[in-house]
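Below: the structure, in structure tokens.
The values are calculated or read from the model by the stated rules, or taken from the named source; none is laboratory data. A quick note: this is a predicted structure, and the numbers were derived from the prediction, not measured. No Cβ is skipped: glycine too gets one built from the backbone with ideal geometry, and neighbour counts run over all protein chains shown.
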Amino acid sequence: AQSVTQLGSHVSVSEGALVLLRCNYSSSVPPYLFWYVQYPNQGLQLLLKYTTGATLVKGINGFEAEFKKSETSFHLTKPSAHMSDAAEYFCAVSGGGKSTFGDGTTLTVKP
Amino acid sequence: EPEVTQTPSHQVTQMGQEVILRCVPISNHLYFYWYRQILGQKVEFLVSFYNNEISEKSEIFDDQFSVERPDGSNFTLKIRSTKLEDSAMYFCASSAGQGQIYGYTFGSGTRLTVV
């Protein structure tokens with residue numbers, strides 16, 4: 001069994017500020033972890049993924065995430081927010097034949 | 001960049017009617033999926049399809065649902081007798097390897113409204 005908890009359904013940051021979106025997971029097997037982004041009226045787009053190896057993974061658009069097994073976390077960060085980062089972000093965990101998604105976090109970027 | 005194409009983007013149907021949602025996955029992908037998202041709820045797994053057969057399905061995917069890859073390019077989801085609770089955004093996804101390991105490429109979705 002696997003599950004994902006995204007802390008904070010809405011996060012608001014100023015342009016140029018640090019973005020931090022939190023994700024904690026539960027998995028009975030070593031997990032594969034993902035972050036997806038969804039812009040309005042579009043499908044989900046893969047931002048980055050952790051499978052094995054380096055625990056700090058870099059993705060598209062300047063995002064990165066760190067896998068911390070001891071904390072069962074996979075938080076998404078970006079040093080400097082841009083207006084175009086405004087979207088909904090989903091954390092997902094896979095441990096079997098499918099992925100389980102979190103509830104999503106809506107990121108708002110203020111000018 | 002290759003993309004997954006879904007049609008129609010919106011579908012309104014009466015309760016009890018059959019609907020077919022269509023998807024054209026990326027051409028060299030081998031694994032195909034349907035997920036759905038009821039408004040305000042999580043993205044939920046429905047079914048995975050590989051080598052012309054269902055490899056896994058969720059509890060949601062009951063006898064009212066079926067999938068088919070009728071030719072080399074299309075992948076369809078059929079709901080035989082729609083219910084109000086089937087109203088959701090349905091996402092098709094494909095992947096070259098297993099999507100739960102490598103990540104999915106999603107289409108833009110079909111918003112299904114059952115009235």
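Of the residues examined, A:Ser99 is one that is surrounded by 19 or more Cβ atoms within 10 Å (Cβ to Cβ) and modelled with pLDDT under 95. Looking only at the stretch B:1-16, residues that are out of contact with any helix residue (DSSP H, G or I) (no Cβ under 7 Å at 6 or more places or on another chain), surrounded by fewer than 14 Cβ atoms within 10 Å (Cβ to Cβ) and farther than 16 Å from B:Asn74 by Cβ come to 6 in all. Residues in the stretch A:12-44 that are crowded, with 19+ Cβ neighbours inside 10 Å and within 27 Å of B:Glu1 (Cβ to Cβ): A:Val19, A:Leu21, A:Cys23, A:Tyr32, A:Leu33, A:Phe34, A:Trp35, A:Tyr36, A:Val37, A:Gln38, A:Gly43, A:Leu44. Among the residues of the stretch B:84-115, the ones that are more than 10 Å from the chain's Cα centre (by Cα) and in a loop (DSSP other than H, G, I, E, B) come to 8 in all.
Can you find a residue that is surrounded by fewer than 20 Cβ atoms within 10 Å (Cβ to Cβ) and within 14 Å of A:Gly104 (Cβ to Cβ) anywhere in the stretch A:62-84? No; the residues of the stretch A:62-84 include none that is surrounded by fewer than 20 Cβ atoms within 10 Å (Cβ to Cβ) and within 14 Å of A:Gly104 (Cβ to Cβ).
Inspection of the stretch B:61-83 finds a residue satisfying the criterion of being under 25 Å from A:Tyr32 (Cβ atoms), within 12 Å of another protein chain (Cβ to nearest Cβ) and within 14 Å of the chain's Cα centre (by Cα).
The number of residues in the stretch A:75-111 that are within 14 Å of chain B (Cβ to nearest Cβ) and assigned to a strand (DSSP E or B) comes to 13. When the stretch A:36-65 is filtered for residues that are of a type in the set (Lys, Arg) and more than 8 Å from chain B (Cβ to nearest Cβ), only A:Lys58 remains. The single residue among B:Val4, B:Val24 that is more than 10 Å from the chain's Cα centre (by Cα), facing chain A (nearest Cβ under 10 Å) and among the hydrophobic types (A, V, I, L, M, F, W, C) turns out to be B:Val4. Looking at A:Ala17, A:Ala54, just one residue is at pLDDT 95 or above, farther than 22 Å from B:Gln41 by Cα and either part of a strand (DSSP E or B) or not basic (Lys, Arg) (or both), and that residue is A:Ala17.
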